[in-house]
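Below is one structure, written out as structure tokens; comments come after it.
The values are calculated or read from the model by the stated rules, or taken from the named source; none is laboratory data. Small disclaimer: the values here were computed from a predicted structure and weren't measured. Cβ atoms come from the backbone with ideal geometry, glycine included; neighbour counts cover every protein chain shown. We work out accessible area using only protein heavy atoms, side chains counted, and drop any ligands, DNA or RNA first. Shrake-Rupley method; radii C 1.70, N 1.55, O 1.52, S 1.80 Å.
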Amino acid sequence: MLDSNLKSAVIQVAVCTLANWGMVTSGIIQGFPSALMPPLLGSGPGLHTSVHHSSWIVGVTYLSASVMCLPGGYLTDWIGRRWGLLLLNLSFAVGWLLIALFPLSLTALYIGRGISGMGLGLATSVGATYTAEIASDSLRSVLVMFTPVMLSFGLILVYLWAFLYQNSWTELSYFAFGLSMIPVSLGMLLPESPLWLLNRGRAEEALQALQRLRGTSTPEQIRKELDNFSSIVKDKKQTVSWFSTLNHLKQPQAFKPLLIMNVYYFLIHCSGVSIVVVFAVDFARDAGIRAVAYHVALAISLTRIFATFLTIWACNTYGRRKPAIVSGVIMSVSLAILSLSISKFLILTPWLVSILLVVYMLSSSLGFSTLPMSMMGELFPTDVRGLASGLTASMIFLGSFSSVKLYPIMVVTFGSFPVFMFFTISGLFGTIFIYLFLPETNGKTLEEIKEYFIDRKYQRGG
């Protein structure tokens, strides 16, 4: 029995790694401005442009991502999770290849970033949705964390590149193209989501897919799990239309988690987390560190992936809510101290400020900013999961676009101290929101999570 459980775990880990591989490229896309901006705004050989154009080059990715999220969620409900994964990785590959082949073309840079943004819009929801649907109940809490882990790994790669080769964004584009082709080449080996197949009335294919995922040749070994899936979708063939899906959004098990996720993400953006991802170097400089800004940016990216692994352990041990609340408190305190340092109320050495920045990223990544991405696939019911994930992802990227455009203006207009105090207050409100409204999902089946929103009022820790 142990051997079969181990085999099932290995298969699920391998499948989820391949399914979430696009998140590595997503991390590179989001961190790409750190490698792109210095040569683009510098005076050396190659393509150059103004600060205004460079901000739009950064922002166009998030705009196209937000536009793609809505039809993308519906599209993956229609064509399936596996084809959705293939489509997003193809978008990445085309976008990166365009940027790499035409390094002296501003138009190619805009179009390439825009196409990559379309893949980014799909990646945020498709990978987490697929993972939540194919993972066993005992492994889901670990496997859904693959999404932020792979994203963090991509950020490490791009910040390491920016640190070592500060004028090599063209080579980085070729490298990212190669990474994108891995899931394009192997993506069709993935089994389709059994839940999605059941929603289409394809019960026999769902059984075969679940057998592949659990590494068993006998249907009896997975019959109980398949029956549980069948009870979720009620053995009905889903009607694929905007009208029916929108009607499902009116149900409490759909609109309640949708509201929770979007308010949660709004508070994450307001706490400055998304700005650090894009402007790590500038963020460090605005916090008072200039001489070692690139070093701190690299340390922040390394801290982020370490925190993600720590989150996996913490969530398995203590559930989802407790790590998120503790990380929110530590993040808010570190931001408050940073704000006082910027205002000169506290006099701190550059290295102490650097440590505070790392603590801020460590604590925010320990649950506060990483859990929502992994929980989207769990909280939304199957019949609206694609659309609800798309709606949420669209708001995420609109928030990222607003943050990217407004952050430099806010710092110039108001100064660093008011901006960092705004981050602090937002982090505090976000922590309170988690305490009041975020349900515990660790160790619960998808059906139990669904019933929580139907039958119960919000209860802390419920």
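Worth a mention:
- Residue count, segment 11-40 (criterion: within 21 Å of Leu97 (Cβ to Cβ) and within 15 Å of the chain's Cα centre (by Cα)): 11
- So Gly114, is it within 28 Å of Ile79 (Cα to Cα), modelled with pLDDT under 90 and not β-branched (Val, Ile, Thr): no
- Positions within segment 363-381 being at pLDDT 85 or above and within 16 Å of Val276 (Cα to Cα), in sequence order: Ser363, Ser364
- For Val292, the stated conditions do not hold, so it cannot be described as at pLDDT 85 or above and either surrounded by fewer than 21 Cβ atoms within 10 Å (Cβ to Cβ) or small (Gly, Ala, Ser) (or both).
- Near pairs, Cβ below 7 angstrom, 6+ apart or cross-chain, from segment 433-462 (open to solvent by 70 Å² or more (accessible area, probe 1.4 Å)) to any residue that is at pLDDT 85 or above: Tyr435/Ile325; Phe437/Ile260; Tyr458/Phe437; Arg460/Tyr435; Arg460/Leu436
- Condition met for Met395 (of a type outside the set (S, T, N, Q), touching a residue at least 12 places away in the same chain (Cβ under 8 Å), within 28 Å of Arg82 (Cβ to Cβ) and open to solvent by 40 Å² or more (accessible area, probe 1.4 Å)): yes
- Within the option set Lys405, Lys444, Lys450, being in a helix (DSSP H, G or I), under 25 Å from Gly127 (Cβ atoms) and either touching a strand residue (DSSP E or B) at 6+ places or on another chain (Cβ under 7 Å) or modelled with pLDDT under 85 (or both) holds for one residue only, Lys450.
- Flag if Leu352 is at negative phi and buried (at least 20 other Cβ atoms within 10 Å of the Cβ): no
- Taken as a whole, the condition of being closer than 26 Å to Thr61 by Cα and either of a type in the set (A, V, I, L, M, F, W, C) or not in a helix (DSSP H, G or I) (or both) does not apply to Val353.
- Of the criteria (1) at pLDDT below 65; (2) among the basic types (Lys, Arg); (3) assigned to a helix (DSSP H, G or I), which one Arg304 fails: (1)
- Residues that are aliphatic (A, V, I, L, M), at pLDDT 75 or above and over 26 Å from the mean Cα position of the chain (by Cα) within segment 41-58 comprise just one, Leu47.
- Taking segment 92-110 as the range and being in contact with a Ser or Thr (Cβ under 7 Å, 6 or more places away or on another chain) and open to solvent by 20 Å² or more (accessible area, probe 1.4 Å) as the test, the residues that pass are Pro103, Leu106.
- Test: residue in segment 364-375 that is closer than 21 Å to Asn262 by Cα, open to solvent by 10 Å² or more (accessible area, probe 1.4 Å) and assigned to a helix (DSSP H, G or I): yes
- Residues considered: Val233, Val278, Val263, Val273. Of these, the only one that is aliphatic (A, V, I, L, M), open to solvent by less than 30 Å² (accessible area, probe 1.4 Å) and either touching a strand residue (DSSP E or B) at 6+ places or on another chain (Cβ under 9 Å) or at pLDDT 80 or above (or both) is Val273.
- Scanning segment 68-82 for residues that are farther than 15 Å from Ala128 by Cα and crowded, with 24+ Cβ neighbours inside 10 Å yields a single hit, Met68.
- Members of segment 185-215 found to be of a type in the set (S, T, N, Q), touching a Ser or Thr at 6+ places or on another chain (Cβ under 9 Å) and either open to solvent by 20 Å² or more (accessible area, probe 1.4 Å) or at pLDDT 85 or above (or both), listed by number: Ser193, Gln211
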